[in-house]
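Written below as C-alpha cells is the structure these notes are about.
Computed from the coordinates by the stated procedures, all read-outs in this text should not be read as laboratory data. Model, not experiment: these values are computed from the prediction. Please note: Cβ atoms are built from the backbone with ideal geometry, for glycine as well, and neighbour counts cover all protein chains shown.
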Amino acid sequence: MNKFYILWMIPVFLCFTSLAQDKPPIKFNHVLPEDFSIANLKADTSYGALIIADVGSSSFEGNNKGWFSLIYKHQRRIKIINKKGFGLASVEIPLYISTKSNAEEKLESFRASTYNLENGIVTETKLDKDEIFKDKQDKNHVVKKFTMPAIREGSIIEYSYTINSDFLFNLQPWSFQGAYPCVWSQYELDLPDFFEYVFLVQGYNLFDVKTNKSRTTTYSVRQVVDGLTSRSETYSIPATNTLSRWVMKNVPALKEEKFTTSLDNHISKIEFQMSGQQFPNSAHRDILGTWASLSESLLKDEEFGEKLDRDNPWLNDDMKLIRTGTTSKLEEAKKIFAFVKNNIKSNGNHGIYLSTGLKETFKNKNGYAADVNLLLTTMLKHENIEATPVILSTRSNGLTNEFYPLINRFNYVICKADIDGATYFLDAAKPYFGFNKLPSYCLNGPARIIDKNCNAAYFYADSTKESKMTSVMLFNDEKKPGKWSGTLNTFLGYYESSDIRQKITDKGKEAFEKKLKESY
C-alpha cells in the first residue's frame, strides 16, 4: 500500500535539531574533467542517465502590487551515460496563467548548458533562448519546452531557472524520486508565519536530512495608490519564518511494474496547498474551504457548471428526434449517450473545464473530453433526467487527496445519471465504451460528485471483472504423417477488446493484422 502522510503545518517559532547539514556533492555552473567520472558514486547506471543533483527552493518576497510573490528556483545537473538517457535532455517547465487577470508566471534567470569532455578539455554549449518554445496545455497552464544542445553519450547537462509567481496558491511541489536514479535531491521552503499551508508528503523513502529553523525578517510591500501621479506607499510587515529543508540521497529510480497504475502515485514527493492567512491584528482567513464550497464554485463557473441548468432551447428540436421511440427514462438516457458518443468527437483530455461553449461543441461535433461529457450532462438534464458532473484524476495524473479539496489534483470529467433508483456513470468521450462502462484510466480511486453535497465516488480497478479465454485445436494430418495443423481462438475481455477497436481505428485493419502476425 502506498504510504501517504498529511501534515497540517502552521509556521511557529521553533527550532528542531536534525541530521547533519550536508551540501550537494557538486558546485553548479562549474564542471571539471573529473566530474565526468561517476565510478565513485556507486550509482545504478542501467537507466542510461543519472541525476547528480536536483535542488529547488521556494520563498516569498513583497512586490510592488501591494502583495507578495512566490519565488521558485530550480537547479539540476544530469550525467548522460548512453542513449537510453537522452530523454532527460528534453525539458518542460509548467507555468500558471490566470484567465481572470491574464497574469502569467514569469520564467526568469534561465540558463542551460551541455558539457562534453574532448581530449581532456571541458567544452560548454549553451542553449540559445530562442530555442525555448511555448505550448498552451489548457486555459490555466502553459509549458515552456526546450531540448539541450550537443547531446551525446557521456555528456553532462545542467540547467537552472527562476519562476516568479503572483499566485500564492501555486507553491511548487517537489518530487524527490522519478524514472531515473538521483544522487542528491533537495528542497527548501522559507515560509512566513502569516501564510498557512497543508503539507502532503508521499512515498516510502526516508529523508536523509530534514530540518526546520526559525528566523525573523521584515517584508517590504509597495502599493501604487494613485495611478495618475504614480504615488506609492511602502509597508513593512514583520514575520517569523520557518526555513524547512528536505534532502534525499541516492534515491533509486521507480520502475513501472506491469500492474502499476501511475508512477506518480508511488514516488517520494511533497506537495502544498494554501489553507489560510493570519496577519497581525487581522481576522483569520480560511482559504482551503470545504468540498461543498468547491462544488458550489464549480457550479457557478461559466467554464464548468453555470450553463448546465439553463433551459438551453437550442437543444429542443434535436432532442425530440433523439428520444423518438423511447418508452422509459433509461431508454432515453441510453439514446442520448449513444448520440453523443457516436456524433461528438473527443479531441483528448485538457482538464475539467470547457474549452468552448456547449452549443459550439454540439454544432461543431467535436471538443475535449470535458466538453463532451458536460454536453452529455446538459442533454440529460434537458430531458429531466437527474444528471451531475463528476470530477476525477486519471491514472497518469496520480491520486487525488480524499481529505482536502485540492482542485488542481483533478483533470477529468464524467457524468453521473440517476434513473429509477439506479446510478450510472458515463463517459461519452471514448467511442468504444458502452453505457455505464468507464475506461481503465478513470479507475483511480476517489472522485467527487459536483452537486450541493459534493460526496465522494470511488472507482477502483479491482472492482471490475475482466475475462479472457484462449482455445487451441490441433489436428494430425493422416496424409502427412508428423504434420499438425490447428486453430487458435482468443476471446478478449471488455477492456482489451475496446483497446483493439481503438487501434484498428487509429492504424487501420491491415496494419493491425500485420503487427499481430509478427507477434507470432
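Applying 0.36 nm per residue to the separation of Ser101 and Lys452 and subtracting their alpha-carbon distance, the gain on full extension is 123.5 nm.
Taking 0.36 nm per residue of separation and subtracting the current Cα-Cα distance, fully stretching the chain between Ser396 and Asn29 would add 128.7 nm.
Applying the criteria of a DSSP loop state and at most 11 other Cβ atoms within 10 Å to the trypsin sites (Lys or Arg not before Pro) of segment 16-115 yields Lys42, Lys100. Report note on the peptides 207-214, 335-342, 47-54: ranked by the mean count of other C-beta atoms within 10 Å, highest first, their order is 47-54, 335-342, 207-214.
Bridging of Lys335 to aspartates and glutamates at a Cα separation below 19 Å is possible for Asp317, Asp318, Asp371, Glu383, Glu386, Asp418, Asp420, Asp427, once same-chain residues fewer than 8 apart are set aside.
Sparse packing (at most 14 other Cβ atoms within 10 Å of the Cβ) combined with a DSSP loop state is found for the following chymotrypsin sites (Phe, Trp or Tyr not before Pro) in segment 158-206: Tyr204.
For Ala457, the residues whose modelled amide H falls within less than 5 Å of its own, excluding neighbours fewer than 5 places apart on the same chain, are Ala447, Arg448, Ile449. Measuring nothing but how far apart in sequence close Cα pairs (under 8 Å, 6+ apart) lie, relative to its length, segment 291-463 scores a relative contact order of 24 percent.
Express the Stokes-Einstein translational diffusion coefficient of the chain in µm² s⁻¹, to the nearest whole number, given a Kirkwood radius over alpha-carbon pairs, 4 °C and a viscosity of 1.567 mPa s. Value of D from the Cα-based Kirkwood radius: 48 µm²/s.
So if R0 is 51 Å, what FRET efficiency would Gln278 and Lys134 give, r being the distance between their Cβ atoms, rounded to the nearest 0.05? Rounded to the nearest 0.05, the efficiency is 0.85. Mean residue ellipticity at 222 nm, helices only, the chain: -4500 deg cm²/dmol; runs of at least 4 DSSP H residues each add -39,500 (n - 2.57), and the sum is divided by the number of residues. Look at the dipole of the chain built from charges on Cβ: of Phe410, Ser98, Ile322, the Cα furthest out on the positive end belongs to Ile322.
What pairs from Lys479/Lys514; Lys210/Lys249; Lys139/Lys507; Lys134/Lys345; Lys23/Lys79 go past 22 Å between their alpha carbons? Listed pairs above 22 Å: Lys479/Lys514; Lys139/Lys507; Lys134/Lys345.
With the charge dipole of the chain set up from +1 on Lys and Arg Cβ and -1 on Asp and Glu Cβ about the Cα centre, the Cα lying farthest toward the positive end among the listed residues Leu288, Ser59, Leu308 is that of Leu308. Once the Kirkwood radius over Cα pairs is known for segment 291-463, the Stokes-Einstein relation at 37 °C and 0.692 mPa s delivers a diffusion coefficient of 205 µm²/s.
Taking every alpha-carbon pair under 8 Å whose residues sit at least 6 apart, the chain reaches a relative contact order of 12 percent.
Aspartates and glutamates near Lys126 by alpha-carbon distance under 12 Å, same-chain residues fewer than 8 away left out - which ones? Excluding near neighbours in sequence, the set is Glu158. Remark: segment 291-463 carries a charge dipole of roughly 480 debye about the Cα centre, counting +1 on each Lys and Arg Cβ and -1 on each Asp and Glu Cβ.
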